[in-house]
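Below: the structure, in structure tokens.
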Amino acid sequence: MKTYKIAIIGGDGTGPEVTAEAVKVMDVVSAKFGFKVEKNYFDFGGERYKRTGEILPDDGVADLKKHDAILLGAIGHPDVKPGILEKGLLLRMRFELDQYINLRPVRLLPGVETPLKDKGPKEIDYVVVRENSGDIYTGSGGLMMKDTPHEVATQTAVYSRFQVDRALRYAFEFARKHGKKARGVGKDNTLGLVGKTNVLTFVYDLWERAFHEMGEKEYPDIRRDYYHVDATCMWMVKSPEWFDVLVTGNLFGDIITDLGAITQGGMGIAAGGNINPEGVSMFEPIGGSAPKYTGMGVINPLAAICAMQMMLETLGEEKAAAKIDAAVRHVTANKLKSMAAGKMGYTTSQVGDMVAQHVAD
Ligand code: IPM
Ligand code: MN
């Protein structure tokens with residue numbers, strides 16, 4: 001029987017609670033679809049850092065590399081200064097495991113409320129391929145003449161052709177396989193590049209040239225669009241149905257996917273994958289650790305369950321993933337009153353139970 005080694009990092013705040021529900025569903029689905037999961041728990045996060053002063057032990061990444069995938073709850077602790085855990089743990093894992101794609105679907109599930117007027121699941125159904133290894137996230141820059149009136153701060157967007165090309169290739173392939181035509185819901189598979197070629201005339205010039213070169217030569221079947229990032233924000237609110245697959249740099253991808261998340265019902269339901277197509281990928285609910293709800297049993301575990309679902313899909317367990325997808329849709333359509341913490345009408349573990357039950361049926 002096929003066995004997957006999964007590293008589980010519950011992390012901070014409500015992370016462990018939502019991860020537990022994802023694991024509950026994973027156990028049921030693996031039994032049903034005939035594969036095994038070996039679970040290894042890691043206690044990385046704010047509590048461990050406070051206790052030991054260590055964020056990620058040196059052999060931590062090497063350990064994680066021995067797994068088929070990682071399921072992550074949330075990183076961020078109210079007693080730890082912002083930036084320390086984010087950089088020392090989350091970004092370090094993304095970089096050292098070279099998870100160069102951050103795949104963030106923006107799809108409204110049935111029964112979920114969206115703040116967008118007159119838009120439903122048919123209109124809000126696209127995917128953002130966020131480049132996850134470069135840009136302003138690489139740490140290039142610094143402070144000079146600090147604490148003087150002449151202090152200068154720089155932080156530079158850095159992209160190599162190699163980084164851009166590998167992200168584009170992933171996005172084109174994704175559009176070919178999962179675009180709107182491939183799914184039978186549109187007449188084209190479309191890849192939209194989100195940039196800022198009118199101002200960032202170096203970085204997004206590189207992206208734009210690489211995009212059209214690759215598209216023309218290797219993906220003539222994929223329709224190509226280009227949008228400035230500011231306009232993209234506008235259309236994400238006004239006409240999300242225009243979008244199919246979007247690809248963009250790390251920072252723009254970070255920003256637009258929070259906007260995307262709120263249009264799909266918020267952090268209780270939005271999930272993403274940090275993907276290294278040739279290595280170990282890490283899946284996470286994209287909401288944070290929500291410390292004020294810790295231990296109350298009120299946080300929505302569906303985002304973590306959807307992250308686990310993406311993990312199984314990426315591992316090649318497509319039938320199991322489809323079953324979880326159907327179960328989550330059943331629960332959003334028929335059960336939950338709201339996606340928000342404390343307003344679901346059920347506890348965290350009851351929501352996990354309902355999904356698990358539907359998967360088992
Ligand atoms: C995200 C988060 C992270 C990011 C932070 C916590 C470093 O906002 O996953 O979107 O900026 O990538
Ligand atoms: Mn973010």
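Observations on the model:
- For VAL247, the residues whose modelled amide H falls within less than 5 Å of its own, excluding neighbours fewer than 5 places apart on the same chain, are VAL129, GLY192, LEU193, VAL194.
- Each of HIS150 and ALA360 was given a label point 7 Å from its Cα along the Cα-to-Cβ line. The distance between the two points is 7.1 nm.
- Using 0.36 nm per residue and subtracting the Cα-Cα separation, the extra length available between ASN276 and LEU143 on full extension is 44.7 nm.
- For region 1-77, applying the loop criterion from DSSP together with a ceiling of 15 other beta carbons within 10 Å to the trypsin sites (Lys or Arg not before Pro) yields LYS2, LYS65, LYS66.
- Tensor-based shape of region 114-264 (alpha-carbon gyration tensor, a/c under 1.5 rounded, otherwise prolate or oblate): oblate
- Violating pairs (Cα-Cα greater than 27 angstrom) within the set LYS81/LYS238; LYS2/LYS343; LYS119/LYS337: LYS81/LYS238; LYS2/LYS343
- For the residues CYS306, CYS233, a 1.4 Å probe over the protein chains yields an accessible-area ranking, largest first, of CYS233, CYS306.
- Magnitude of the charge dipole for the chain, about its Cα centre and with charges confined to Cβ atoms of Lys, Arg (+1) and Asp, Glu (-1), is about 780 debye.
- Pairs of Cα atoms farther than 27 Å apart, the chain, %: 47 percent
- Net length available on complete extension from TRP242 to MET296 is 15.5 nm, with 0.36 nm assigned per residue and the Cα-Cα distance removed.
- In region 157-245, chymotrypsin sites (Phe, Trp or Tyr not before Pro) in a DSSP loop with at most 13 other beta-carbon atoms within 10 Å: PHE202
- Lys/Arg +1, Asp/Glu -1 at C-beta; the chain dipole; positive extreme among TYR126, LEU109, ALA175: LEU109
- Ordering of 69-75, 312-318 by burial proxy (mean other Cβ atoms within 10 Å per residue, highest first): 69-75, 312-318
- Taking amide H positions as modeled 1.01 Å from N, with prolines and chain starts lacking one, the residues under 5 Å from GLY272 and 5 or more places away or on another chain are GLU284, ILE286.
- Evaluated with a Cβ-only charge set (Lys, Arg +1; Asp, Glu -1), region 114-264 carries a dipole of roughly 500 debye about its Cα centre, given to the nearest 20.
- Estimated FRET transfer efficiency (ALA31, HIS178; beta-carbon r; R0 35 Å; 0.05): 0.80
- With a Förster radius of 41 Å applied to the beta-carbon distance between ALA333 and LEU259, the computed FRET efficiency rounds to 0.95.
- Neighbourhood net charge (12 Å Cβ-Cβ; Lys/Arg +1, Asp/Glu -1) for PRO277: -1
- Overall form of region 268-361 per C-alpha gyration tensor (a/c, 1.5; a/b vs b/c): oblate
- Inter-site label distance for ARG161 and ARG209 at 7 Å from Cα along Cβ, in nm: 0.8 nm
- Global form of region 1-138, assessed from the alpha-carbon gyration tensor, a/c cut-off 1.5: oblate
- Interchain or long-range residues, amide H under 5 Å from GLY10's placed H: PHE42, GLY73
- FRET E, pair THR347, GLU113, Förster distance 25 Å, beta-carbon r, rounded to 0.05: 0.80
The values are calculated or read from the model by the stated rules, or taken from the named source; none is laboratory data. Since the model is a prediction, treat every value here as computed from it, not as a measurement. Cβ atoms come from the backbone with ideal geometry, glycine included; neighbour counts cover every protein chain shown. Remember, those area values only see protein heavy atoms, side chains included, never the ligands or the DNA or RNA. Shrake-Rupley method; radii C 1.70, N 1.55, O 1.52, S 1.80 Å.
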